[in-house]
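The values are calculated or read from the model by the stated rules, or taken from the named source; none is laboratory data. Only a predicted model underlies this, so the values are computations on that prediction, with no experimental measurement involved. Here Cβ is always computed from backbone atoms with ideal geometry, including for glycine, and neighbour counts include all displayed protein chains.
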Amino acid sequence: MSQPYSLKLAAAAGPRATTLGVGLLLALLMLLPLGHTLFPEGHALHVSAYTLTLTGKILCYAIVALAMDLVWGYTGLLSLGHGLFFALGGYGMGMYLMRQIGRDGNYQSDLPDFMVFLDWKELPWFWQGSEHFAWALLVIVLVPGLLALVFGWLAFRSRIKGVYFSIMTQALTFAAMLLFFRNETGFGGNNGFTDFKRILGFGIAEPATRAVLFAATVLLLALALWGARWLVQSKFGRILTAIRDAESRLMFCGYNPLYYKLAIWVLSAVLCALAGALYVPQVGIINPSEMSPGNSIEIAIWVALGGRGTLIGPVLGAAIVNGAKSWFTVAFPEYWLFFLGFLFIAATLLLPNGVLGLLRKKGAQ
C-alpha cells in the first residue's frame, strides 16, 4: 500500500525544517557575544561571562560529537579515543598561550612557570616556535592528523573493526593520558596548562576577546555542519554508508575501503583538534584528564542520544548531556554518573534513532 501524499510531504519536509531550525539557532547564538559586549552588567540583555563560556564550551563539544558521527554514524567505526584528538588540539593552543604569558608569570621568567618549578633550564626542542600563532595552527592540525593517519593506516590495513577497533582507540588515548601525566614530558604534568594571559596580543579575559572566540566557535560549527552535509550527500558519503552497512559487498564491487576509512578518520580527528583549540582559551585550562577514556565514552553517548547518522542529532545530544551535566554537577554532583548511565541505557533501549529521530517522528504525525 502506497504512503499517503501528506506523510511523504511531512517526511521530506522534516529534515529541511530541522536544518532551517538549526540555521536560525546558530544565527541566534551569534547574538550572545553582542549581549556580552554591548550591554553592561545588570542590563536585561547582558550575557554574563559564565553563560558565554559555558555555551562556548558546549558548542566545542558539539563539534566533537559531529566529528564522531562522521566515523561512527556514517562509517560504522566506533571510536573510544576521540578525546585524544580533542586534547591534542587543546595542547597545541595551550603551548602558544603559555608562551604568550611571557614574564607575567609567577616566576617572571621567559620559561612557562611549570618549567621553572621543575628546574628546567631551557625550552625543549618541541616547544621551539611555539610563540608564533601560525606555528600553533600547524601543530593543532598536523599532530592529531598525522597520529590519526598512522594509527588508521595500521588499523584499517589490518582490517581491524568492531569491538577490537574500539578497544585499540581506547588503549591509545589511555596510553597518551599516562604519558602526558608525567612531568618530564614537558606538558605540565597533571596540572597541564592554565593561567593564560593573552591571545594574539589581546587580553584573554577581555569581553571582546571572549566574544570573538565564541563567534569563531559558532562559525566553525556552522562550517562543519555544512561541510559534513555536503560530504555525506556526495558519492564519497554514499561509499562511507556502504562501508558501514555492507563492507564485504562493497569490496566485491571493486572498491578499496581502506582509503575511504582513512580519509574520514583523519578528517574527524582534525575537526576534533580544532574544537579543542577553541575550547582551551575559552575555558582557560587543558590537562591530561581531557584524554581520559571516560571522556571519549561520553562523546559516544552524545552521539547515541542525539541520533547516529543524522549530523544534527549528535550536536543536539552534546547540548542535552552537557547542559544536564552543568546543572547536575552543581545541584546533585554525586548522582551525575548515574544519570549519564541512565541516559545511555534509555537511548539504547527506547530511542534507537535518538532524540532527533523521536522529534522527527512526532513532527510527521
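Key figures for this structure:
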read-out: Candidates F180, F193 - the one that is among the aromatic types (F, W, Y) and within 30 Å of R157 (Cα to Cα); value: F180
read-out: Of all residues making up region 318-365, the number that are basic (K, R) and in contact with a Ser or Thr (Cβ under 9 Å, 6 or more places away or on another chain); value: 1
read-out: Some residue of region 196-213 being in a helix (DSSP H, G or I), under 19 Å from L84 (Cβ atoms) and of a type outside the set (K, R); value: no
read-out: Meets criteria (modelled with pLDDT under 85 and surrounded by 19 or more Cβ atoms within 10 Å (Cβ to Cβ)) for T75; value: no
read-out: Qualifying residue in region 46-61 (condition: more than 16 Å from G284 (Cβ to Cβ), free of Cβ contacts under 8 Å to residues at least 24 places away in the same chain and outside any helix (DSSP H, G or I)); value: yes
read-out: Subset tally (residues that are surrounded by 14 or more Cβ atoms within 10 Å (Cβ to Cβ), charged (D, E, K, R) and not in a helix (DSSP H, G or I)) for region 104-151; value: 2
read-out: Options F196, F156, F165: the member that is of a type in the set (F, W, Y) and over 15 Å from W265 (Cα atoms); value: F196
read-out: Hits in region 185-230 - residues which are free of Cβ contacts under 8 Å to residues at least 12 places away in the same chain and either crowded, with 21+ Cβ neighbours inside 10 Å or of a type in the set (D, E) (or both); value: E206
read-out: Sole residue being within 28 Å of G323 (Cα to Cα), crowded, with 20+ Cβ neighbours inside 10 Å, among the aliphatic types (A, V, I, L, M) and in contact with a helix residue (DSSP H, G or I) (Cβ under 6 Å, 6 or more places away or on another chain), chosen from L88, L97; value: L88
read-out: Which listed residue is surrounded by 15 or more Cβ atoms within 10 Å (Cβ to Cβ), modelled with pLDDT of 90 or more, hydrophobic (A, V, I, L, M, F, W, C) and assigned to a helix (DSSP H, G or I), from A67, A10; value: A67
read-out: Tally of residues being more than 16 Å from the chain's Cα centre (by Cα), among the aliphatic types (A, V, I, L, M) and closer than 26 Å to V232 by Cβ across region 307-345; value: 1
read-out: Count - residues of region 135-183 that are farther than 18 Å from I286 by Cβ, among the charged types (D, E, K, R) and free of Cβ contacts under 8 Å to residues at least 24 places away in the same chain; value: 1
read-out: Some residue of region 248-258 being in contact (Cβ under 8 Å) with a residue 60 or more places away in the chain, under 30 Å from R159 (Cβ atoms) and out of contact with any Asp or Glu (no Cβ under 7 Å at 6 or more places or on another chain); value: yes
read-out: Qualifying position, being closer than 24 Å to I58 by Cα, part of a helix (DSSP H, G or I), out of contact with any Phe, Trp or Tyr (no Cβ under 8 Å at 6 or more places or on another chain) and not β-branched (V, I, T), among L223, L178; value: L223
read-out: Qualifying residue in region 152-169 (condition: surrounded by 20 or more Cβ atoms within 10 Å (Cβ to Cβ) and in contact with a strand residue (DSSP E or B) (Cβ under 6 Å, 6 or more places away or on another chain)); value: no
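Conditions tested, residue by residue: (1) closer than 30 Å to L262 by Cβ; (2) not small (G, A, S).
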{"residue": "G94", "(1), (2)": "yes, no"}
{"residue": "G145", "(1), (2)": "yes, no"}
{"residue": "R157", "(1), (2)": "yes, yes"}
{"residue": "L172", "(1), (2)": "yes, yes"}
{"residue": "A175", "(1), (2)": "yes, no"}
{"residue": "R182", "(1), (2)": "no, yes"}
{"residue": "G188", "(1), (2)": "no, no"}
{"residue": "G192", "(1), (2)": "no, no"}
